[in-house]
Amino acid sequence: MRRYSVFALAREGLRHHSGWDRAWTSPAPKSRYDVVVVGAGGHGLATAYYLGKNFGIRNVAVIEKGWLGGGNTGRNTTIIRSNYLQDPSAAIYEKSRSLYETLSQELNYNVMFSPRGVMMLAQTQHEVRGYKRTAEANALQGVETEFISPARVKELCPIIHIEGPRYPVLGALWQARGGTARHDAVAWGYARACADMGMDIIEQCEVKGVLTANGKVSGVETSKGAIGCDKLAIVVAGHSSVLAEMGGFRMPIESMPLQALVSEPIKPCMDVVVMANTVHGYMSQSDKGEMVIGGGTDGYNAYTQRGSFHHIEETVRALIETFPIISRLKMLRQWGGIVDMTGDRSPIISRTPLDNCFINCGWGTGGFKAIPGSGWAMAELVAKGEPGPLAASFGLERFREGRFIDESVAAGVAH
Amino acid sequence: MLTLTCPHCGVQADETELLPGGEAHLKRHGPGSSEEEFEGYLFHRQNPKGPHLERWRHAFGCGKWFLAARDTVTMQVFGTYPASLATPTDEIRRRAGVERPGWGFEPGVPGEPEAVE
């Protein structure tokens, strides 16, 4: 792989950009790999990347039904934070956030990580107490957050209406090192690095069945033929239940649409990420000037990647209350992704009833921020067959044993 | 916008009038059940990509629970039926089978399906 650098740019600039390599190729599958990763989204590609980088396993294929990064990786609102209440969550999300800090250098691909700060507004007394508690917990976990006053909220983000009629801003949980990144670039950067290690990234290749023998996976049947593997990693987010059914087991997952929308581009007016969880909307401004807006999931199972209109209405209503300045803004586009919700709103990085099959899913509405850490932990699980410290608490057995990592209670909303 | 006809009061209800209640026909497990049974009852879901039997409450209408058969991909509604029925009606099963050949109603676990008041 030719490295991207200012010199490469200058050289190519002088010869009409004719010498760039493809970032990754989409070859025909080989008959057998050491590891097959199903799903070329951020989490799947990161899993493959750290398998190669941390464990030297490079005979890997990442297979993808659609196009690379075309699922939730390309559909989220790109927020990166690690201010979680529970210890296992804080550990893996903080690992992830810290990996994001140097990801562009590591991958030699600009993922545009922008640690602009993430603010979670406290708009009820309950939230004030909750976020103060989270800030104390984060101090013990080594995650840098603080509870800030309404005056400081206004200073950091002048367009917030802090004296709203229903829910005045009473403070906020502030993580200065949180922020955003370019979601597509994260997938592309990992894909390029994986291809550079000799891994095959195979797009337009849908898994039709999981081939098993004696309680072990022997391969997958795909739209491009059967592919054998020693180990199978299922990293397919919203379609986890579909893949699990092919493998003959059932998941504690429900798939629902989550929508996002962006406005027409406007001049820079906010340089932080704001999440208003009581009224339930969150917003940041992209580098192009679009206001990027997200809200809550639909209430019922669906695979439509579309969502119900009244959820957009609720989200926009919430944000207009918080940011009256946007009330005349026109929206450019809206889309939906299928999120995989678990009972405790925490992810699953786990072994499965099949011996050499592993699953990484359940990131629900907040998976983008976790991509590097999730891939790191999943690679360790796949390579060793045993979860490492980051993944140990996220096993499927927690639902049977009642050891939940209850972020749904901690966050009060989808997160 | 999803519209379901409440089988109790007959109103064609918009989804904003309804409260979703998750997968239908779960077998309720109580004291004396094994950990696996509780895990299945509380957490494991079919979550199908296709016809889904699910619970709804006509929350801003007659207030009663009912069940619906809906395709989670096309959002087509095959029909609604009272929560007291242990299986979908023949008409609903026929319609779902026409749209999704090979689909059949399979209760997740043997035993009396849960009847919701």
Applying the selection to the range A:261-280, what residues are part of a loop (DSSP other than H, G, I, E, B) and at pLDDT below 95?
A:N277, A:T278, A:V279, A:H280
How many residues of the range A:377-398 are touching a Ser or Thr at 6+ places or on another chain (Cβ under 8 Å) and either without any contact (Cβ under 8 Å) to a residue 12 or more places away in the chain or aromatic (F, W, Y) (or both)? The answer is 1
Would you point out the residue of the range A:1-26, among those that are surrounded by fewer than 10 Cβ atoms within 10 Å (Cβ to Cβ) and among the aliphatic types (A, V, I, L, M), that is farthest from A:L45 (Cα to Cα)?
A:L14
Taking the range A:46-100 and keeping residues small (G, A, S), crowded, with 24+ Cβ neighbours inside 10 Å and not in a loop (DSSP other than H, G, I, E, B) leaves A:A46, A:A48, A:A61, A:S89, A:S96
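Taking A:Y131, is it modelled with pLDDT of 95 or more, more than 28 Å from A:V279 (Cβ to Cβ) and aromatic (F, W, Y)?
No; evaluated as a whole, the condition is false for this residue.
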Could you please let me know if A:G238 is more than 11 Å from A:V38 (Cα to Cα), assigned to a strand (DSSP E or B) and in the same structural domain as A:L354 (by TED's automatic domain parsing)?
no
Identify the residue in the range A:284-297 that is surrounded by fewer than 22 Cβ atoms within 10 Å (Cβ to Cβ) and over 18 Å from the mean Cα position of the chain (by Cα) and, among all such residues, is farthest from the other protein chains (Cβ to nearest Cβ).
A:D287
Kindly list the number of the only condition in (1) closer than 21 Å to A:V111 by Cβ; (2) more than 20 Å from the chain's Cα centre (by Cα) that fails for A:E314.
(1)
On the given criteria, is A:Y303 of a type in the set (F, W, Y) and either within 14 Å of another protein chain (Cβ to nearest Cβ) or part of a loop (DSSP other than H, G, I, E, B) (or both)?
yes
Applying the selection to the range A:351-403, what residues are part of a loop (DSSP other than H, G, I, E, B) and among the hydroxyl-bearing types (S, T, Y)?
A:T352
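Please enumerate the residues belonging to the range A:227-254 that are facing chain B (nearest Cβ under 10 Å) and more than 19 Å from A:G343 (Cα to Cα).
Result: no residue meets the conditions.
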Residues of the range B:38-59 satisfying the condition of being at the interface with chain A (Cβ under 10 Å from one of its Cβ atoms), closer than 17 Å to A:P252 by Cα and not in a strand (DSSP E or B)
B:F38, B:E39, B:G40, B:L42, B:F43, B:H44, B:Q46, B:N47, B:P48, B:K49
Consider the range A:122-134. How many of its residues are among the hydrophobic types (A, V, I, L, M, F, W, C) and either surrounded by fewer than 20 Cβ atoms within 10 Å (Cβ to Cβ) or not assigned by TED's automatic domain parsing to the domain that holds A:M275 (or both)?
1
Given the criteria at pLDDT 95 or above and either crowded, with 23+ Cβ neighbours inside 10 Å or more than 14 Å from chain B (Cβ to nearest Cβ) (or both), does A:I371 qualify?
yes
A:L332 away from chain B (no Cβ under 14 Å), outside any helix (DSSP H, G or I) and under 22 Å from A:N83 (Cβ atoms):
no
Show the residue pairs meeting these rules: Cβ distance below 8 Å; 6+ apart or different chains; first residue within the range A:266-294 and outside the structural domain of A:E313 (by TED's automatic domain parsing) and among the hydroxyl-bearing types (S, T, Y); second residue outside any loop (DSSP other than H, G, I, E, B) and modelled with pLDDT under 95.
none
So A:P387 fits all but one of (1) within 14 Å of chain B (Cβ to nearest Cβ); (2) surrounded by fewer than 23 Cβ atoms within 10 Å (Cβ to Cβ); what number is the exception?
(1)
Could you grab me the full set of residues in the range B:4-37 that are surrounded by 13 or more Cβ atoms within 10 Å (Cβ to Cβ), over 24 Å from A:D340 (Cα atoms) and more than 10 Å from every other protein chain (Cβ to nearest Cβ)?
B:L4, B:T5, B:C6, B:P7, B:H8, B:C9, B:V11, B:A13, B:E17, B:H29, B:S33
So which residues in the range B:63-97 are surrounded by fewer than 16 Cβ atoms within 10 Å (Cβ to Cβ) and away from chain A (no Cβ under 14 Å), if there are any at all?
B:G63, B:P82, B:S84, B:A86, B:T87, B:D90, B:E91, B:R94, B:G97
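The values are calculated or read from the model by the stated rules, or taken from the named source; none is laboratory data. These figures come from a predicted structure and were not determined experimentally. Neighbour counts run over all protein chains shown; Cβ positions are idealised from the backbone, glycine included.
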